[in-house]
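Mind looking over this structure? Questions follow.
None of the figures in this text is laboratory data; all of them are computed from the coordinates on show. For clarity, every value in this text was computed on a predicted model and none was experimentally measured. As a convention, Cβ positions derive from the backbone with ideal geometry for all residues, glycine included, and neighbour counts pool all protein chains shown.
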Amino acid sequence: MDSLKPETLLAQAPGHPAAPYGEIVPPIHVATTYERGTDLGYPGGRVYGRDGNPSFTAAEGLLTQLEGGAASMLFASGMAAATAVFQALDPGDRVVVPRVMYWALRHWLVTEGERRGLKVTLFDNLAADPVAALAEATGTRPVKLVWLETPANPTWDVIDIAAAAKVAHAAGALLAVDSTVATPILCRPLALGADLVMHAATKYLNGHSDVLAGTLTTARDDDFWARLKVQRALGGGIMGPFEAWLLLRGMRTLSLRVGRASTTAMAIARHFQSDPRVAVLYPGLPSFPGHEVAARQMVGGFSGMMSLRVNGGRDRALRMHGRLKLFRRATSLGGVESLVEHRASIEGPTSPCPDDLLRMSIGLEDAGDLIADLEQALA
Ligand SMILES: *Cc1c(COP(=O)(O)O)cnc(C)c1O
């Protein structure tokens, strides 16, 4: 069974039909508490709903198989999963994180994280050699955890996970990767040396813009994973059973959706790559700085996320943003519908995002229709 391809695992999820009815899709378990035996034991092995829910098992198991890990946990959102990792560290621990990454997490780290005693060092992941920048930032001081996001929001800069893992491990740190954009279809960070993988499952894994969810997958069922389980069970950032059910339903078409979005994003990137009105940021283009690394560590595509920097600055970018007809003006990504966003205005004054940048999440529409929409908005 271990040799089955991701497409087969996804299509067949959750595996064998459930007893007693042999249903092809899993039931939703809504109980928050479970009855004890007279011996005070729990015959079903479950105690209380904050520890987990049988409705999570299929999605967690599927993700563990896709990532090639030891175990996975669902959380109430991507942020709940990501912040659980940092909250499992001790006050005074040093973490090294990218300068350009998912904005809300960086903001949480340098405000709430530091308030709780974390020492947060940012490294320049947009440097010509981001691994060298990481090595310089880890330096000789002790580091507990290195966090990567690749491709990174919203410039899609890529970092070599295998090389970064060597740097992190040499510094005695764990390596965690936010792999939301790549998904387990395009990249498997654990196989490249990472210790933990996080997904905002709100995005591609669910894929329909109707569930908030986060996941963590660990390479080893070790002490740190035990601390993360405590973070979820006692911190309470757990998702609901219906949301877990919707997540699994979305995941079953993950490979089709990611493949299609990647192909369309590539077509759009190629269409605009030599257009003087815009600069295309997309790891699939050979001219993109991280292309070679992306081509090595991503398999089958470069994701559906891309950005355009509009020649003429913020005003031209906002005019184009306002004229789009098919692209929906909304935050988030990874849904079936294409979205566009002026990132600098949502990230606010502390954002490192250029103000001429429009971020696009490419959905499942026809590539020609999307290109025509972008063309009419640029004209
Ligand atoms: C959306 C997102 C998150 C946060 O996930 P939520 O489910 O919104 O909390 C984290 N990282 C990346 C890359 C994201 O796109």
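Listing Trp108, Trp147 from the residue with the fewest other Cβ atoms within 10 Å to the one with the most, what is the order?
Details: Trp108 17, Trp147 26.
Exposure proxy ranking, most exposed first: Trp108, Trp147.
What number does the range 254-378 give for Rg over Rh if you use C-alpha atoms and the Kirkwood radius?
Numbers: Rg = 13.8 Å, Rh = 14.6 Å.
Using Cα coordinates only, the ratio equals 0.94.
Next up: Please build a GNM for the chain, connecting alpha carbons under 10 Å apart, and tell me which residue among Ala19, Ala31, Ala200 fluctuates the most.
Maximum among the listed residues: Ala19.
Return the lysines within reach of Lys119: Cα separation strictly under 17 angstrom, same-chain partners fewer than 8 residues apart disregarded; answer none if there are no such residues.
Lys144
Which residues' amide hydrogens lie under 5 Å from the amide hydrogen of Leu174, considering only partners 5 or more residues apart or on another chain, with H built in the peptide plane?
Leu145, Val146
Could you tell me whether the range 313-379 comes out rounded, prolate or oblate from its Cα gyration tensor? Rule is a ≥ b ≥ c as square roots of the eigenvalues, rounded for a/c under 1.5, then prolate if a/b exceeds b/c, otherwise oblate. Let's see the in-between values first.
Values: a/c = 2.76, a/b = 1.41, b/c = 1.96.
Note, shape of the range 313-379 comes out oblate.
Can you sort Thr180, Thr38 from fewest to most other Cβ atoms within 10 Å of each residue's own Cβ? Write out the running numbers ahead of the final one.
On the way: Thr180 27, Thr38 5.
Final ranking by Cβ density, sparse to dense: Thr38, Thr180.
Counting pairs of alpha carbon atoms under 8 Å apart in space and at least six apart in sequence, what relative contact order in percent does the chain give? Spell out each step's value before the answer.
Working: 781 pairs, mean separation 62.8, N = 379.
Once divided by the residue count of the chain, the mean separation gives 17 percent.
Specify the angular offset, from 0 to 90 degrees and rounded to the nearest 10, of the alpha carbon long axis of helix 367-378 from the longest principal axis of the alpha carbons in the chain.
Roughly 50 degrees between the two axes.
In vacuo Debye scattering of the chain, one point per C-alpha: log10 I(q)/I(0) at q = 0.06, 0.08, 0.15 Å⁻¹?
-0.23, -0.41, -1.37
Of Thr264, Thr180, Gly236, which is farthest towards the positive pole of the range 116-273's charge dipole, taken about the Cα centre with +1 and -1 on the beta-carbons of Lys, Arg and Asp, Glu respectively?
Final value for the positive-end residue is Gly236.
Hey, what number do you get for the chain at 222 nm if only DSSP H runs of n ≥ 4 count, each worth -39500 (n - 2.57), divided across all residues, to the nearest 500? Show your work: numbers first, answer last.
Numbers: 14 runs with 135 residues, N = 379.
Mean residue ellipticity at 222 nm (helix-derived): -10500 deg cm²/dmol.
Cut-off 10 angstrom, C-alpha nodes, Gaussian network model of the chain. Which of Val30, Val258, Val280 fluctuates the most?
Fluctuation is largest for Val30.
Which one of Val336, Val47, Val120 has the biggest mean-square fluctuation once the chain is modelled by GNM with Cα springs under 10 Å?
Fluctuation is largest for Val47.
Ok, one more. Let's see if you can work this out: charge +1 on each Lys and Arg Cβ, -1 on each Asp and Glu Cβ, no other charges. What is the dipole magnitude of the range 265-379 about its Cα centre, in debye to the nearest 20?
On the way: 13 positive and 13 negative charges, 44 e Å.
About 200 debye.
Are there GluC sites (Glu not before Pro) in the range 1-97 that DSSP marks as loop and that have at most 11 other Cβ atoms within 10 Å, and which are they? Could the numbers behind the result be given before it?
Numbers: sites: Glu7, Glu23, Glu35, Glu60, Glu67; in loops: Glu35.
Passing sites in the range 1-97 are Glu35.
Could you state the orientation-averaged shadow area of the convex hull built on the Cα atoms of the range 1-54, in nm² to one decimal? Spell out each step's value before the answer.
Values: hull surface 22.1 nm².
So the Cα hull casts an average projection of 5.5 nm².
Under 16 Å Cα to Cα from Lys229, which aspartates and glutamates show up? Leave out anything in the same chain fewer than 8 places away.
Asp51, Glu60, Asp90, Asp195, Asp221
Could you state the orientation-averaged shadow area of the convex hull built on the Cα atoms of the range 89-165, in nm² to one decimal? All intermediate terms of the calculation are to be shown ahead of the outcome.
On the way: hull surface 18.8 nm².
The directionally averaged projection comes out at 4.7 nm².
Another question, if that's okay. Nothing charged except the Cβ atoms of Lys and Arg (+1) and of Asp and Glu (-1): what's the magnitude of the dipole of the chain about its Cα centre? Round to the nearest 20 debye. Intermediate values should be presented prior to the final figure.
Details: 36 positive and 38 negative charges, 90 e Å.
That gives the chain a dipole magnitude of about 440 debye.
Shifting gears a bit: For each of Tyr204, Tyr282, Tyr48, count neighbouring Cβ atoms within 10 Å of the residue's Cβ, then give the residues from fewest to most. List each step's numbers first, then the result.
Working: Tyr204 29, Tyr282 26, Tyr48 12.
The order, fewest Cβ neighbours first, is Tyr48, Tyr282, Tyr204.
Considering the options Pro43, Met79, Gln12, tell which one lies farthest towards the positive end of the dipole of the range 1-139, charges being +1 on Lys and Arg and -1 on Asp and Glu at the Cβ, about the Cα centre.
The listed residue farthest towards the positive side: Met79.
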